[in-house]
1. Pick from the range 1-25 the residues that are surrounded by 15 or more Cβ atoms within 10 Å (Cβ to Cβ) and part of a helix (DSSP H, G or I): which of them is farthest from the chain's Cα centre (by Cα)?
2. What about Val94, is it farther than 30 Å from Leu10 by Cα and touching a strand residue (DSSP E or B) at 6+ places or on another chain (Cβ under 7 Å)?
3. Inspect the range 23-30 for any residue being farther than 23 Å from Thr142 by Cβ and either at pLDDT 95 or above or of a type in the set (Gly, Ala, Ser) (or both) and give the result as yes or no.
4. Assess whether Ile104 counts as being at pLDDT 85 or above, touching a helix residue (DSSP H, G or I) at 6+ places or on another chain (Cβ under 9 Å) and closer than 30 Å to His21 by Cβ.
5. Taking only the range 115-158 into account, find how many residues are of a type outside the set (A, V, I, L, M), part of a helix (DSSP H, G or I) and at pLDDT below 90.
6. For residues that are closer than 21 Å to Gly128 by Cα and hydrophobic (A, V, I, L, M, F, W, C), scanning just the range 56-82, find the one that is modelled with the lowest pLDDT.
7. Just name the residue that is surrounded by the fewest Cβ atoms within 10 Å (Cβ to Cβ) out of those in the range 100-147 that are touching a strand residue (DSSP E or B) at 6+ places or on another chain (Cβ under 9 Å) and aromatic (Phe, Trp, Tyr).
8. Take the range 1-47 and flag every residue that is aliphatic (A, V, I, L, M), touching a residue at least 12 places away in the same chain (Cβ under 8 Å) and farther than 23 Å from Val57 by Cα.
Amino acid sequence: MWTASEKLILSEAHDTAYSIHPSSTKMYYDLKERFWWYGMKRAVAEYVAICDTCQRVKAEHQRPAEWKWEEITMDFIVGLPRTQKGYNSIWIVVDRLTKVAHFIPVNTTYSGAKLAEMYISRIVCLHGVPKKIISDRRSQFTSRFWEQLHNSLDTKLRFSTAYHPQTDGQTERTN
């Protein structure tokens, strides 16, 4: 694929703490000031494309929803003082089209099953089953139970990327 020297150059330009995983375009323009080899542009693009870190944090550009409550976003506000009823968090569910939000008091210790029960009674019963849910990678949203529930409801689960909350910007702005 690459010679040893090409691999070293690509790695130094992309993977070090000082380079912070640039995009293939930026990396190519930076490298071409100092280096050149036949097929360098393609090599840079391939290197970035197979970078596991980049694939995990790459933002997914999203089209607007076509119908209300067809696509929703979810997030939690945590670290709140405990209420008299024992709640210490707020679960926020936002419709991507209308921006209507539900604020559901919850406890951080709730299981995926408990959240699913609340989701069905507070969201699905009012608005129907959405086609897509965008949320962060919180354990409640990545649990096997939650995944199986939405698989049976034919709802696609999409997760915002680490350190890139803009993917779930709708809910983050509501927070």
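1. Across the range 1-25, the extreme among qualifying residues is Glu6.
2. Numbers: farther than 30 Å from Leu10 by Cα: yes; touching a strand residue (DSSP E or B) at 6+ places or on another chain (Cβ under 7 Å): yes.
For Val94, the condition - farther than 30 Å from Leu10 by Cα and touching a strand residue (DSSP E or B) at 6+ places or on another chain (Cβ under 7 Å) - is met.
3. Yes, there is a match, as at least one residue in the range 23-30 is farther than 23 Å from Thr142 by Cβ and either at pLDDT 95 or above or of a type in the set (Gly, Ala, Ser) (or both).
4. Details: at pLDDT 85 or above: yes; touching a helix residue (DSSP H, G or I) at 6+ places or on another chain (Cβ under 9 Å): yes; closer than 30 Å to His21 by Cβ: no.
Criteria not met by Ile104.
5. 12
6. Result: Ala65.
7. First, the residues of the range 100-147 that are touching a strand residue (DSSP E or B) at 6+ places or on another chain (Cβ under 9 Å): 100-108, 110, 114-115, 118-119, 122-123, 126-127, 130-138, 140-142, 146-147.
From what's left, aromatic (Phe, Trp, Tyr): 103, 110, 119, 141, 146.
Values: Phe103: 11, Tyr110: 16, Tyr119: 23, Phe141: 21, Trp146: 22.
It comes out as Phe103.
8. Initial filter on the range 1-47 (aliphatic (A, V, I, L, M)): 1, 4, 8-10, 13, 17, 20, 27, 31, 40, 43-45.
From the residues that got through so far, the ones that are touching a residue at least 12 places away in the same chain (Cβ under 8 Å) too are 1, 9-10, 13, 27, 31, 40, 43-45.
Met1, Met40 - these are the residues of the range 1-47 that are aliphatic (A, V, I, L, M), touching a residue at least 12 places away in the same chain (Cβ under 8 Å) and farther than 23 Å from Val57 by Cα.
The values are calculated or read from the model by the stated rules, or taken from the named source; none is laboratory data. Remember, it's a predicted structure, so these values are computed and weren't measured experimentally. No Cβ is skipped: glycine too gets one built from the backbone with ideal geometry, and neighbour counts run over all protein chains shown.
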